[in-house]
Amino acid sequence: MLLWRISLYSTLLLTLISIPFVGFDSAAKILTVGGILIGIYLAVSVLLWSLLALICWTIPLNKEYERPSKGYYKVFNAGYSYLCRLAGARIHVSGLEKVPLDKPFLFVSNHRSKFDNMVESVVLKKNVIAFITKPENFKIPIGRHYMKRSCYLPIDRDNPRVALETIVKASEMVKNGICSVGVFPEGTRGDGTSLLEFRPGCFKIAVKAKCPVVVGTIRGTEMLHKRFPFRRTDVYFDIVKVLSEEDISNMKTVQIAADVKSLMEASLAKAV
């Protein structure tokens with residue numbers, strides 16, 4: 001999993017230790033062997049990315065898809081898993097048993113890093129989840145093809161009419177049993193100190209689809225880029241609560257948003 005780190009550290013350590021005993025020539029050979037191991041890791045990485053790139057070209061971007069492809073979704077998740085491992089994420093999960101496996105739902109979580117939905121998608125791999133994301137993410141090479149085929153939805157936060165169309169489409173996907181939908185109610189990444197103001201409109205998905213709301217919290221992902229590449233990072237993903245259809249049946253979206261925010265704040269406060 002962390003072969004390149006092991007190779008790098010062991011090579012440098014053995015080289016430094018061996019110089020007084022075997023001389024510079026032998027130490028150089030050790031350094032060469034380590035370089036070969038690192039080279040093997042890089043070759044495997046290049047092969048993996050080449051494979052992901054090759055597969056992605058079989059996904060036309062100009063075509064609209066009615067439902068996610070489970071095959072492509074698994075490949076996409078494998079890419080997510082690889083990136084999380086490469087970044088040094090050590091993922092801890094709690095409450096996974098609360099997640100329904102027999103029906104689609106609206107998944108909501110706080111937002112701290114670009115790794116958030118990667119971690120969440122990998123952990124919730126038994127459920128196909130199409131995330132709502134900013135349009136700029138659909139310009140990411142390779143990833144945009146898999147996002148398209150996994151029915152990820154772009155949302156224009158500056159255009160309420162277009163944003164509402166996305167919300168309606170997402171609710172139809174859940175209502176028709178196509179897949180679950182994931183969204184970050186904060187609308188953008190926070191600094192990790194406190195939750196940003198929620199956008200209640202996203203909860204219209206659950207109201208219209210009459211589906212459960214799975215409430216999750218994530219922490220630690222904001223540290224991944226700071227500790228990479230020399231230190232691993234503990235990432236905690238907790239399923240706080242599942243609000244049933246009955247729980248939200250008579251609630252306004254503003255009230256649902258307030259309740260969900262309170263649940264997230266309580267969960268995050270316990271971890272401090």
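The values are calculated or read from the model by the stated rules, or taken from the named source; none is laboratory data. None of the values given here were measured: they were computed from a predicted structure. Glycine gets a Cβ as well: all are built from the backbone with ideal geometry, and neighbour counts include every protein chain shown. Heads up: the accessible areas ignore ligands, DNA and RNA and are worked out on the full protein's heavy atoms, side chains in. Shrake-Rupley method; radii C 1.70, N 1.55, O 1.52, S 1.80 Å.
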*Got a sec? What order do His92, His111 fall in by accessible area at 1.4 Å, biggest, i.e. largest, first?*
His92, His111
*Under a point-charge model restricted to the Cβ atoms of Lys and Arg (+1) and Asp and Glu (-1), what is the dipole moment magnitude of the stretch 176-272 relative to its Cα centre, in debye to the nearest 20?*
300
_Column: log10 I(q)/I(0), Debye, Cα scatterers of the stretch 140-194, q = 0.12, 0.18, 0.24 Å⁻¹_ = -0.36, -0.77, -1.08
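Please identify the chymotrypsin sites (Phe, Trp or Tyr not before Pro) of the stretch 166-243 that satisfy two criteria: DSSP loop assignment and at most 16 other Cβ atoms within 10 Å. Which are they?
When the chymotrypsin sites (Phe, Trp or Tyr not before Pro) of the stretch 166-243 are filtered for loop state and at most 16 Cβ neighbours within 10 Å, Phe230 remain.
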_Using a 1.4 Å probe on the protein heavy atoms only, what accessible surface does Lys74 show? Give it in Å² to the nearest 10._
150
*Setting aside same-chain residues fewer than 8 positions from Lys98, which lysines have a Cα under 16 Å from its Cα?*
Lys125, Lys126, Lys241
*Be a star and scan the stretch 176-190 for residues whose amide nitrogen sits under 13 Å from the point 7 Å along the Cα-to-Cβ vector of Ser94.*
none
*For Lys226, Lys210, Lys98, write out the residues from largest to smallest accessible area, computed with a 1.4 angstrom probe and no ligands counted.*
Lys210, Lys226, Lys98
*Between Asn159 and Leu101, what length in nm is gained on full extension when 0.36 nm per residue of separation is reduced by their alpha carbon distance?*
17.5 nm
*Selection of trypsin sites (Lys or Arg not before Pro), the stretch 157-189, meeting DSSP coil and at most 14 other Cβ within 10 Å*: Arg157
*PRE reach from Glu64 (point 7 Å along Cα→Cβ): which of the stretch 139-154 fall under 16 Å by backbone N?*
148-154
_So, taking all protein chains as they sit and a 1.4 Å probe, how much accessible area belongs to Lys252, in Å² rounded to tens?_
150
_Length released on extending from Glu172 to Asn137, taking residue separation times 0.36 nm less the Cα-Cα span_ = 10.3 nm
*More than 23 angstrom apart: percent of Cα pairs within the stretch 132-272*: 42
*In terms of modelled amide H atoms, which long-range or inter-chain residues lie less than 5 Å from the amide H of Gly182?*
Phe107, Ala130, Phe131, Ile132
*Assign one of three labels to the stretch 66-139, namely rounded, prolate or oblate, based on the Cα gyration tensor with a ≥ b ≥ c the square roots of its eigenvalues; rounded applies when a/c is under 1.5, prolate when it is not and a/b is larger than b/c, and oblate otherwise.*
rounded
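Pairs Lys134/Lys226; Lys134/Lys261; Lys210/Lys270; Lys139/Lys175: which exceed 26 Å Cα-Cα? Display every interim value, and only then the final one.
Numbers: Lys134/Lys226 24 Å; Lys134/Lys261 21 Å; Lys210/Lys270 30 Å; Lys139/Lys175 29 Å.
Beyond 26 Å: Lys210/Lys270; Lys139/Lys175.
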